[in-house]
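The values are calculated or read from the model by the stated rules, or taken from the named source; none is laboratory data. What you see is a predicted model; the values in this text were computed from it and never measured. Here Cβ is always computed from backbone atoms with ideal geometry, including for glycine, and neighbour counts include all displayed protein chains. Just so you know, the surface numbers come from the protein's heavy atoms only, side chains and all, with ligands and any DNA or RNA stripped out. Shrake-Rupley method; radii C 1.70, N 1.55, O 1.52, S 1.80 Å.
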Amino acid sequence: MMNAIAMDRQAVYEDYERARRTFHQLLDSASETDLARLTRGTKWTNEQLLWHMLFGYMLVRALLVLVRVFGRLPRGVGKAFARLLNAGTVPFDWVNYAGPRGAVKVFGPRRTGVAFDRVLDSRQRRLAAESDGDRARGMHFPVRWDPFFKDFMTVADIYRYPNLHFDFHHRQLTLGSGDGRQRDE
């Protein structure tokens, strides 16, 4: 089991680095027109979706705190909390949608790239410090909030989550597609 855990940690590091390279390639090759173009299957522009992809990595910090707290409580408490969060899906969806629209006005592409590096470096440092026992701790999650949330997720699952989120949204980007759809403001 120890080798599987160590190999899993290395796989997560490598996947983070793959995402970092991809993210910077996307940002570096995107024109202003590319960034303003609408994405596939969302109401966001490419720039907003890129920021949302960064946010998936930012979210890990808060999720880890929740798992550390609820992972120590009886499972029934965590299940009740997950049900409560599922009941709040509509406000969550609104904040999830509105956040990137405002964030890109503050961050811009260059600062988004810098933030991506800082967040990824922080996730990698924290993962390096996690014990095997910590990575096995888990809690119930609000499965209606995200297609990659499972009913029960461990700390190890949380570290893998942003890469799944990143890859899903990467396929929705229309950078360089030339389809001409631009957002009207």
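Can you send over the solvent-accessible area of Val90, 1.4 Å probe, protein chains only, in Å² to the nearest 10?
110 Å²
Show the residues, 5+ positions off or on another chain, whose built amide H is closer than 5 Å to the amide H of Trp44.
So Trp44 has HN proximity to Thr39.
Please provide three numbers in whole Å: the alpha-carbon extents of segment 1-150 along the principal axes, with the largest listed first.
Rounded to whole Å, the extents work out to 51, 38, 24 Å.
Ranked from the most accessible area to the least, with a 1.4 Å probe and all protein chains present, what is the order of Glu14, Glu47?
On the way: Glu14 110, Glu47 45 Å².
Highest to lowest solvent-accessible surface, that is Glu14, Glu47.
How high is the relative contact order of the chain, in percent, with contacts defined as C-alpha pairs under 8 Å that are six or more residues apart? Intermediate values should be presented prior to the final figure.
Working: 182 pairs, mean separation 70.6, N = 185.
38 percent.
Under the Karplus relation 6.51 cos²θ - 1.76 cosθ + 1.60, θ = phi - 60°, what is the ordered set of whole-Hz ³J(HN,Hα) values for segment 129-142, x standing for Gly and Pro?
In residue order, the calculated couplings are 8, 6, 7, 4, x, 4, 5, 8, 5, x, 7, 7, 10, x Hz.
With a cut-off of 8 Å between alpha carbons and a minimum separation of six or more residues, what is the relative contact order of segment 1-104 in percent?
On the way: 30 pairs, mean separation 25.6, N = 104.
Worked out over segment 1-104, it gives 25 percent.
Show me the chymotrypsin sites (Phe, Trp or Tyr not before Pro) within segment 21-53 that DSSP assigns to loop and that have at most 11 other Cβ atoms within 10 Å of their Cβ.
On the way: sites: Phe23, Trp44, Trp51; in loops: Trp44.
Nothing satisfies the criteria.
Please calculate how many Å² of accessible area the chain carries per residue, with a 1.4 Å probe and no DNA, RNA or ligand atoms counted.
On the way: 9870 Å² over 185 residues.
Per residue, the chain has 53 Å² of solvent-accessible surface.
What ranking of Glu17, Glu130 comes out by heavy-atom accessible area, probe 1.4 Å, highest first? Walk me through the intermediate numbers first.
Numbers: Glu17 60, Glu130 5 Å².
Ranking Glu17, Glu130 by accessible area, largest first, yields Glu17, Glu130.
Using a Förster radius of 22 Å, what is the FRET efficiency between Val95 and Val69 based on their Cβ-Cβ separation? Nearest 0.05, please. Write out the running numbers ahead of the final one.
Values: r = 21 Å, r/R0 = 0.96.
The calculated FRET efficiency here is 0.55.
Run the numbers on segment 89-160 and let me know its relative contact order in percent, using alpha-carbon pairs under 8 Å that are six or more apart. Write down the numbers at each step before the final one.
Values: 38 pairs, mean separation 18.7, N = 72.
Answer for segment 89-160 is 26 percent.
Can you give me the % of accessible surface on the chain that is carbon or sulfur? Probe 1.4 Å, all protein chains present, nothing else counted.
Details: 5730 of 9870 Å².
Ligands and nucleic acids excluded, carbon and sulfur give 58 percent.
Just subtract the alpha-carbon distance of Asp167 and Arg111 from 0.36 nm times their residue separation and send over the number in nm, one decimal.
Values: separation 56, 0.36 × 56 = 20.16 nm, distance 2.12 nm.
Full extension from Asp167 to Arg111 adds 18.0 nm.
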